[in-house]
Amino acid sequence: MTSPTGTGIFKFLRPKMRPQSTDIQAAATWGVAATTAALWIVQPWDFLRKTFIDKPEEEK
């Protein structure tokens, strides 16, 4: 069983400085928002379709 002060990779931090679950959730949300914004700005749909969806034409 773990202690209330926590064990793991953040044990070297003081208990008040350790990331809480809401901090991790906020970071994940901002990551999704940043990825969505980057895809919206760049819009690489033709590249993705040619690379992953369309099959290459066979040479005769």
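The values are calculated or read from the model by the stated rules, or taken from the named source; none is laboratory data. Predicted, not measured: the structure shown is a model, and the values here were computed from it. Ideal geometry is used to build each Cβ from the backbone, glycine not excepted, and the neighbour counts take in all protein chains shown.
Consider the range 8-31 and keep the residues that are part of a loop (DSSP other than H, G, I, E, B) and among the charged types (D, E, K, R). The one that is surrounded by the fewest Cβ atoms within 10 Å (Cβ to Cβ) is 16. Quick one: how many residues across the range 1-34 are at pLDDT 80 or above and not aliphatic (A, V, I, L, M)? So the count comes out to 15.
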